Amino acid sequence: MTHWLFLFIASCLEVCWIYCVKFLSKDKLLSIDWMHFFSSREHILALAPLIGYIGFGIGNVVFFAMAMRHIPASTAFAVWMGMALVGTRACDAIFFGEAIDLWQVFFMLLVVVGAIGLKATAP
């Protein structure tokens, strides 16, 4: 049962990683004045998505690998990607105010039902 928890954690970390990619800005990173890094909050905030990108990416891979030790690779990948997709869409709607309609909710529920079905039929 813990391997399914690892897969859920990997999916959550994937969602966090996706948003780090979204907010990562090459221009902001290149504009950091490293000699006065700690004197400005903007420098630290510019570096935060990169740190999150690295940390969430590594955590995602580690938990996904631990889950795949006990779950078939195709099942683990389908559930991991489906849950990350649903999580990303839910965060878009909740935190960024993007519109969501009933059809999108319906199809996200189908993804969740598919993930549950794969879990229920996994060896």
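The values are calculated or read from the model by the stated rules, or taken from the named source; none is laboratory data. The structure displayed is predicted, hence computed values, not measured ones. A quick note on method: Cβ atoms are made from the backbone with ideal geometry, for glycine too, and the neighbour counts reach across all protein chains shown.
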Examine region 101-115 for a residue that is crowded, with 17+ Cβ neighbours inside 10 Å and under 15 Å from the mean Cα position of the chain (by Cα), and state whether such a residue exists. no
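Based on what the data block shows, is R69 crowded, with 18+ Cβ neighbours inside 10 Å and out of contact with any strand residue (DSSP E or B) (no Cβ under 9 Å at 6 or more places or on another chain)?
No: the conditions fail for R69.
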Can you say whether L13 is of a type in the set (A, V, I, L, M), modelled with pLDDT under 95 and in a helix (DSSP H, G or I), as far as the supplied structure shows? no
Just to check your reading of the model, which residue among R41, R89, R69 is within 19 Å of A122 (Cα to Cα) and basic (K, R)? R69
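Being in a helix (DSSP H, G or I), more than 14 Å from the chain's Cα centre (by Cα), on the phi < 0 side of the Ramachandran plot and in contact (Cβ under 8 Å) with a residue 12 or more places away in the chain: is that true of L50 here?
Working: in a helix (DSSP H, G or I): yes; more than 14 Å from the chain's Cα centre (by Cα): yes; on the phi < 0 side of the Ramachandran plot: yes; in contact (Cβ under 8 Å) with a residue 12 or more places away in the chain: yes.
Spelling it out, L50 is indeed in a helix (DSSP H, G or I), more than 14 Å from the chain's Cα centre (by Cα), on the phi < 0 side of the Ramachandran plot and in contact (Cβ under 8 Å) with a residue 12 or more places away in the chain.
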Are any of the residues in region 59-77 closer than 18 Å to K22 by Cβ, in contact with a helix residue (DSSP H, G or I) (Cβ under 6 Å, 6 or more places away or on another chain) and either hydroxyl-bearing (S, T, Y) or in a helix (DSSP H, G or I) (or both)? yes
Of the residues in region 1-59 that are of a type in the set (D, E) and surrounded by fewer than 17 Cβ atoms within 10 Å (Cβ to Cβ), the one that is farthest from G82 (Cα to Cα) is D33
